[in-house]
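> Pasting a structure here, questions to come.
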Amino acid sequence: MKSWIPRVPLVLGACFGLASWAIVIAYGRNPSFGLELAWIHALALGSFTTISLSVLVHALPNFTDLPWRGERIARIAALLLPLGAVPFVSGFAFDWTAGVAIFGVFCALVILLYLGPVAFTLVRRPDDPTDAAIARAFGFVFVFLFAAVAIALSLAPAYAGIDVPALRFAPSHAVLAIGGWLTLLTMGVSARTMRPMLGTASRLRAAHIASNTLVLIAVISAAVATAAGAWRVVPICFALGALGSVLYAVDGFDRLARATTPHRPVHAFVALSFVWLCIAASAAAFGRYDLAIVLALAGWIGQMVNAHLHHIGVRVLLTSIAGEDNETRPWQVLDVRVEWLTFVATQLAVVALTFSAYVTAGILGLLGVAFFAANLAVAAQRVRRLHHV
């Protein structure tokens, strides 16, 4: 029986998060541009995109009230992506340019395979106006993913040893992938998933709409400006994104202040993700693009993913053991002490990354992953005992 969220891609995406910290340690011992790219793609593609495509198998029809067209194809693509990402990321890490080119194309084609059913699903219009607005928002996000993939395909010949003019679009690829696809997706999906995680809904609708609109404008304008080489304009574009990030955080902190669920470590992960988002966006506005990428991936998106793994990820584990009708809540089976250890280790890892203490950051990141894995084992044991009873 197929699960509501594909389990294998979810686990493989989490494994890429583990690998990213190992790459950080390797970079600390012997820095190279290849390891930088390996780390970025291990998180952005191998971990976050894989996890997102897996979660969206359930979230897309659930949020839009549009039944899947081609769900089986989407599930297959979600499984194939991390399998292709392994040699792709390895190509960067070990300077295997042919592998980067070949498996980069493979990953791009797999994402396009996933986008096919998405397009056929979203082409219909939901009857409910709210569902229709959510469907349009998903449409924008997937357009950014498509644009990022299209640029990636144009860059592949460069790694095969062919000098191509498309290399100047590499910064636009980063803007569209991190700022458009991952950030706007996380902002949109978290607006709904924070309901079960926090137990509250947004009451600042205007701030929510304004934040998404400002980030959308920032991403489009920054992508165009970088492609045109208008680098003096780029910080202004990101300043709009920073303002949108602050509005998003204001709405989020208002929801946190009214949270009713007892899952405090998840609340903390969500809160720190807001903080890292605002710092990352501010860094981009001041032209510190290297720092912005690090904090956007490891801080903002990474900590929001950690919050979701401690809730949705644990729910997937529980339902895989006790059946999809099981209503056990994550905080009933997780060890809260280990959750706090995970939280502290991961936040310190991001701080260490910020100050270029790479080996320390990598060790702390691996500790955080180890704590989370141990907690999953505890949760599995507890739910089996409860299910048996």
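The values are calculated or read from the model by the stated rules, or taken from the named source; none is laboratory data. Please read these numbers as outputs of a predicted model, since none were measured by experiment. Positions of Cβ are generated from backbone atoms using ideal geometry, with glycine treated the same way; all protein chains shown enter the neighbour counts. The protein model used for the area step is the full one, side chains on, heavy atoms only, and it has no ligands, DNA or RNA in it. Shrake-Rupley method; radii C 1.70, N 1.55, O 1.52, S 1.80 Å.
> Mind listing whichever residues of region 41-89 are modelled with pLDDT of 95 or more and farther than 16 Å from Leu112 by Cα?
The answer is His41, Ala42, Leu43, Ala44, Ser47, Phe48, Val86, Pro87, Phe88, Val89.
> Mind checking which residues of region 58-77 are aliphatic (A, V, I, L, M), part of a helix (DSSP H, G or I) and either in contact with a strand residue (DSSP E or B) (Cβ under 9 Å, 6 or more places away or on another chain) or open to solvent by less than 20 Å² (accessible area, probe 1.4 Å) (or both)?
Across region 58-77, the qualifying residues are Ala59, Leu60, Ala74, Ala77.
> Would you check if there is a residue in region 119-134 being modelled with pLDDT of 90 or more, open to solvent by 40 Å² or more (accessible area, probe 1.4 Å), aliphatic (A, V, I, L, M) and outside any helix (DSSP H, G or I)?
yes
> Of all residues in region 318-337, count the ones that are touching a helix residue (DSSP H, G or I) at 6+ places or on another chain (Cβ under 7 Å) and surrounded by fewer than 19 Cβ atoms within 10 Å (Cβ to Cβ).
The number of residues fulfilling the criteria is 7.
> Is it the case that Leu240 is open to solvent by 30 Å² or more (accessible area, probe 1.4 Å), in a helix (DSSP H, G or I), modelled with pLDDT of 95 or more and not hydroxyl-bearing (Ser, Thr, Tyr)? It would help to see each step written out before you state the result.
Details: open to solvent by 30 Å² or more (accessible area, probe 1.4 Å): yes; in a helix (DSSP H, G or I): yes; modelled with pLDDT of 95 or more: yes; not hydroxyl-bearing (Ser, Thr, Tyr): yes.
The answer is yes for Leu240.
> Also, quick follow-up: Scan region 282-290 and tell me whether some residue there is open to solvent by less than 50 Å² (accessible area, probe 1.4 Å), farther than 26 Å from Met187 by Cβ and in a helix (DSSP H, G or I).
The answer is no, given that none of the residues of region 282-290 is open to solvent by less than 50 Å² (accessible area, probe 1.4 Å), farther than 26 Å from Met187 by Cβ and in a helix (DSSP H, G or I).
> Being open to solvent by 60 Å² or more (accessible area, probe 1.4 Å), among the aliphatic types (A, V, I, L, M) and over 16 Å from Ser52 (Cβ atoms): is that true of Val105 here?
No: the conditions fail for Val105.
> Quick one: what pairs do we get from region 126-143, first residue at positive phi, second acidic (Asp, Glu), C-beta under 6 Å, 6+ apart or different chains?
Here the result reads none, with nothing in region 126-143 linked to a residue that is acidic (Asp, Glu).
> Could you run through region 135-154 and say how many residues are open to solvent by 20 Å² or more (accessible area, probe 1.4 Å) and not polar (S, T, N, Q)?
Going residue by residue through region 135-154, those that are open to solvent by 20 Å² or more (accessible area, probe 1.4 Å) are 136-137, 139-140, 143, 146-147, 150-154.
Narrowing the set further to residues that are not polar (S, T, N, Q) leaves 136-137, 139-140, 143, 146-147, 150-153.
Residues that pass the stated criteria total 11.
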